[in-house]
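Below: one structure, written as structure tokens.
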Amino acid sequence: PRIHFGLNCGARSCPPVKKFTASDLNEELRIVALAFCEQDDNVMIKESSNTVVCNTIFKWYMDDFAPSTSQLPVALLAFLKGAKKQSLQNMIDKSNNKGSSSIKVEFFKYDWSSNVTESKKFSKSNLSANQYTLKSILCIPNC
């Protein structure tokens, strides 16, 4: 399932673009999974209301993470660390003591807007030809 943290469609709700190497692929996927799930925009633990709110990727690819939505909180533990992981574990423990799966799982609305940073608006007035651009377009001798 970690591959879903490494794929990117360019939307804000997608994981960031990352270059992977064959030699360190497992470690790199582990790191991007932890980084993705650490962000509250992707996995939010609301211990007070016994609710987990997840990125829609978890809904779309549920079969890759857990057999059902009610089992997703346990599966998420593998991708969390620190206080967030402990809060979810507390919720799971309380739920197990009650004898039922009482953790509510919700999904964020997917944000399809672009996650491009430092982009510049196109302005026709910024275009200008010079000897270098003309030479490459026309392929003047010595190009």
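Average the reciprocal distances over every distinct pair of alpha-carbons in region 39-114, invert the result, and give the Kirkwood radius in Å.
Numbers: mean 1/r = 0.0791 Å⁻¹.
12.6 Å is the Kirkwood radius here.
Protein chains only, probe 1.4 Å: how do Arg30, Arg12 rank by accessible area, largest first? Intermediate results must be reported in sequence, preceding the final value.
Values: Arg30 105, Arg12 140 Å².
In descending accessible area the options line up as Arg12, Arg30.
What FRET efficiency do you get for Lys104 and Leu25 if R0 is 41 Å and r is their Cβ-Cβ distance, rounded to the nearest 0.05? Show your work: numbers first, answer last.
Numbers: r = 35 Å, r/R0 = 0.84.
Given R0 = 41 Å and the Cβ-Cβ separation, E is 0.75.
Not counting ligands, DNA or RNA, and with a 1.4 Å probe, what is Ser102's accessible surface area in Å² rounded to the nearest 10?
So the heavy atoms of Ser102 present about 50 Å² to solvent.
Find how much the distance from Ala11 to Trp60 grows on full extension, using 0.36 nm per residue of separation minus their present alpha carbon separation; answer in nm with one decimal. Walk me through the numbers on the way to the answer.
On the way: separation 49, 0.36 × 49 = 17.64 nm, distance 1.51 nm.
Roughly 16.1 nm would be gained on extension.
For region 1-57, with all protein chains present and a 1.4 Å probe, just round the carbon and sulfur fraction of the accessible area to a whole percent. Don't skip to the answer; put the middle values down first.
On the way: 1670 of 3070 Å².
Here carbon and sulfur together make up 54 percent of the probe-accessible area.
Taking the solvent-accessible surface of protein heavy atoms with a 1.4 Å probe, what is the per residue accessible area of region 1-66 in Å²?
Details: 3680 Å² over 66 residues.
The answer is 56 Å² per residue.
The values are calculated or read from the model by the stated rules, or taken from the named source; none is laboratory data. None of these values were measured; they are calculated from a predicted model. Every residue, glycine as well, gets a Cβ built from its backbone with ideal geometry; the counts of neighbours run over all protein chains shown. Heavy atoms of the whole protein, side chains included, go into the accessibility calculation; ligands, DNA and RNA do not. Shrake-Rupley method; radii C 1.70, N 1.55, O 1.52, S 1.80 Å.
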